[in-house]
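The values are calculated or read from the model by the stated rules, or taken from the named source; none is laboratory data. What you are looking at is a predicted structure, and each value in this text was computed from that prediction instead of being measured. Quick reminder, even Gly has a Cβ in these numbers, built from the backbone with ideal geometry, and neighbours come from all protein chains shown. The accessibility values were calculated without ligands, DNA or RNA, using every heavy atom of the protein model including side chains. Shrake-Rupley method; radii C 1.70, N 1.55, O 1.52, S 1.80 Å.
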Amino acid sequence: MIEISNVSKTYGTGNSAVHALKDVNLTIPKGTIHGVIGLSGAGKSTLIRCVNLLERPSTGSVSVDGQEMTRLSRGELNRARHRIGMIFQHFNLLTTRTVFDNVALPLELMGESRSAIKDRVLPLLELVGLSDKAKQYPAQLSGGQKQRVAIARALASKPNVLLCDEATSALDPQTTSSILELLREINQQLGITILLITHEMEVVKSICHRVSLISDGELVEDAEVGDFFTAP
Ligand code: ADP
Ligand code: ADP
């Protein structure tokens, strides 16, 4: 469960201040897929980055599974982030590492043994359909395959929550559908709560349970997807 309470975020000060989020409130129940749509510059990225504190809210609080992220010490925050996976528009893979070693990275950072890492990485590669690509490098993969690697890496530390920042925006429509299908499987099979942001209505329509609209830093809707798209 994700609880965003009275969160505001201002970049800069004085005349150059940008109010990227304005008193945003949002509760995302465990196991749901929640979409946030909005135009470029509306505050989507800032909102999602406030959940794992890649950005620190100027005011307000964010809790994940009852743990108030905004109050944690640096060490506690690092541990809490293991429970939150994130994927990005441009995949953010390490080009000098193989597929296996990209997925292994978070586990290496957690100090896991080589055999524990293998036991975790191989099933993840199978889950995302890339068992035969373990020894390849990112440059040898298609965009969809790269995003699958990124998804496996995001799941390596067994998160309860997955944050998706325009995860399909760099992909063609057919590849987008297959990545969304994978996200749906992950939500259903592993019970992972998913918060995704996108500027594409179709993404929201196809996999989200609920949706919010963000406009100029304000969250202006929070509705079931069916109600949202049939509203008068
Ligand atoms: P979106 O993801 O919806 O495109 P963003 O959250 O990236 O929106 O941006 C919201 C607003 O905050 C925009 O006006 C953007 O220019 C501004 N902004 C985002 N990040 C920064 C930053 N690090 N410094 C200053 N302004 C920023
Ligand atoms: P994306 O659409 O892939 O999220 P953006 O271009 O919105 O990429 O942002 C890329 C990075 O630049 C983010 O870390 C964001 O916080 C930062 N950023 C966005 N807008 C601004 C801005 N006006 N000033 C400074 N940094 C910004």
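For the reader, a short list of remarks on this structure follows.
- Cα-based helix-to-principal-axis angle, 114-127 vs the chain, degrees rounded to 10: 70 degrees
- Segment 119-165 pair-distance distribution - Cα-Cα, 5 Å bins, rounded %: 5, 21, 33, 23, 13, 4, 0
- The HN-Hα couplings worked out from phi for segment 55-69 by the Karplus form 6.51 cos²θ - 1.76 cosθ + 1.60 (θ = phi - 60°) are 10, 8, x, 5, 9, x, 9, 10, 10, 10, 6, x, 9, 7, 4 Hz, whole numbers, x standing for Gly and Pro.
- Short-range pairs are left out: with C-alpha atoms under 8 Å and at least six residues apart, the relative contact order of segment 22-177 is 28 percent.
- By accessible area, using a 1.4 Å probe on protein heavy atoms only, the chain has 48% of its surface on carbon and sulfur.
- Subset of K30/K118; K44/K146; K44/K135 violating a 25 Å alpha-carbon distance limit: K30/K118; K44/K135
- With a Förster radius of 41 Å applied to the C-beta separation of N15 and Q67, the computed FRET efficiency comes to 0.65.
- Dividing the convex hull volume of the alpha carbon atoms of segment 1-110 by its residue count gives 145 Å³ per residue.
- Counting only protein heavy atoms and a 1.4 Å probe, segment 53-100 has 56 square angstrom of accessible area per residue.
- For K22, the aspartates and glutamates whose Cα falls under 16 Å of its own Cα, not counting residues fewer than eight places away in the same chain, are E3, E55, D216, E218, E221, D222.
- Placing +1 on the Cβ of every Lys and Arg and -1 on the Cβ of every Asp and Glu, with nothing else charged, gives segment 1-73 a dipole about its Cα centre of roughly 140 debye.
- Average Cα contact separation per residue, segment 120-209, under 8 Å, 6 or more apart, as relative contact order %: 29 percent
- This model, with +1 at the C-beta of Lys and Arg and -1 at the C-beta of Asp and Glu, gives segment 1-140 a dipole about its Cα centre of some 180 debye.
- A full extension of the chain between T96 and A170 corresponds to an added length of 24.5 nm, given 0.36 nm per residue minus the alpha carbon distance.
- Between the C-alpha center of segment 32-92 and that of segment 196-232 there is a gap of 19 Å.
- Rounded accessible area per residue of segment 145-208, 1.4 Å, Å²: 36 Å²
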